Amino acid sequence: YQLIHQGTKLIPVDLIGFGRTLNPIRDHHDILMSNVFAQAEALAFGKTADEVRAEGTAAAVVPHRVFEGNRPSNVILAEELTPFRLGTLVALYEHSVFTQGTIWNIDSFDQWGVELGKVLAKRIIPELEATEEPELNHDSSTNTLIRRYRAMRS
């Protein structure tokens, strides 16, 4: 959020909230939703140096507590998170990617990277299913993930 608030490039953000929680615990949902609304307000209006100084902030700290505002954000508010609404959100973002790709004349659904992942996955599946500890010849990060996954299953 710090980058979104004070970064040198504008980063649009979508804040998604729901009117009803699926897991009611005291006032947690109201606290969560107040933060959704507050972040949208902070991104829109920021905080001036005069406002920061008026709070009694030390002069050396004032520049760090100034937020210019006018940062792009959307608040998407739905009644409740359901499988249908989750699917709707996924479709919304997928359509957004398609539209941007059309405008920029790029194929947003070019799947070469996905295809590479599928090829690599075919090498990993036997290593996950092996009854004995397999010899792993991936990078250290992938080897560690495979070992941790195998340890969790046993």
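Scanning the stretch 19-67 for residues that are assigned to a loop (DSSP other than H, G, I, E, B) and over 30 Å from T82 (Cα atoms) turns up G46, T48, E55, G56, T57, A58, A59, A60, V61, V66.
Which ones in the stretch 112-134 are open to solvent by less than 90 Å² (accessible area, probe 1.4 Å) and outside any helix (DSSP H, G or I)? Passing the criteria: A130, P134.
Only a single item in (1) under 27 Å from H5 (Cβ atoms); (2) open to solvent by less than 100 Å² (accessible area, probe 1.4 Å); (3) at pLDDT 95 or above; (4) out of contact with any helix residue (DSSP H, G or I) (no Cβ under 6 Å at 6 or more places or on another chain) is not met by L77, and it is number (2). Annotation: of all residues in the stretch 1-18 being open to solvent by 40 Å² or more (accessible area, probe 1.4 Å) and β-branched (V, I, T), the one that is farthest from L92 (Cα to Cα) is T8. Out of curiosity, is T144 over 24 Å from the mean Cα position of the chain (by Cα) and exposed (fewer than 10 other Cβ atoms within 10 Å of the Cβ)? It is false that T144 is over 24 Å from the mean Cα position of the chain (by Cα) and exposed (fewer than 10 other Cβ atoms within 10 Å of the Cβ). Is at least one residue of the stretch 87-95 loosely packed, with under 15 Cβ neighbours inside 10 Å, assigned to a helix (DSSP H, G or I) and over 22 Å from the mean Cα position of the chain (by Cα)? Checked the stretch 87-95: no residue is loosely packed, with under 15 Cβ neighbours inside 10 Å, assigned to a helix (DSSP H, G or I) and over 22 Å from the mean Cα position of the chain (by Cα). The set of residues from the stretch 1-18 being within 17 Å of the chain's Cα centre (by Cα) and either polar (S, T, N, Q) or part of a helix (DSSP H, G or I) (or both) comprises Q2, L3, I4, H5.
With respect to N137, determine if the residue is out of contact with any Pro (no Cβ under 9 Å at 6 or more places or on another chain) and open to solvent by less than 80 Å² (accessible area, probe 1.4 Å). In short, no.
Yes or no: E68 among the charged types (D, E, K, R), under 22 Å from L43 (Cα atoms) and touching a Gly at 6+ places or on another chain (Cβ under 9 Å)? So E68 passes the test. One residue stands out among those in the stretch 57-72 that are under 21 Å from the mean Cα position of the chain (by Cα) and either among the basic types (K, R) or open to solvent by less than 40 Å² (accessible area, probe 1.4 Å) (or both): the one that is nearest to I16 (Cα to Cα), which is R71. The set of residues from the stretch 19-56 being in contact (Cβ under 8 Å) with a residue 60 or more places away in the chain and open to solvent by less than 60 Å² (accessible area, probe 1.4 Å) comprises just one member, G19.
A search for C-beta distances below 7 Å between a residue of the stretch 74-85 that is under 13 Å from M33 (Cβ atoms) and assigned to a strand (DSSP E or B) and any residue that is among the hydrophobic types (A, V, I, L, M, F, W, C) and open to solvent by less than 80 Å² (accessible area, probe 1.4 Å), counting only pairs 6+ apart in sequence or on different chains, returns V75/L15; V75/V36; V75/A40; I76/I16; A78/F18; E79/F18; E80/F18.
The values are calculated or read from the model by the stated rules, or taken from the named source; none is laboratory data. Treat the numbers as computed from the prediction; the structure is a model and nothing was measured. Methodologically, a virtual Cβ is constructed for each residue, glycine included, from the backbone with ideal geometry; neighbour enumeration extends over all protein chains shown. Areas reflect the complete protein model, heavy atoms only, side chains present, ligands, DNA and RNA absent. Shrake-Rupley method; radii C 1.70, N 1.55, O 1.52, S 1.80 Å.
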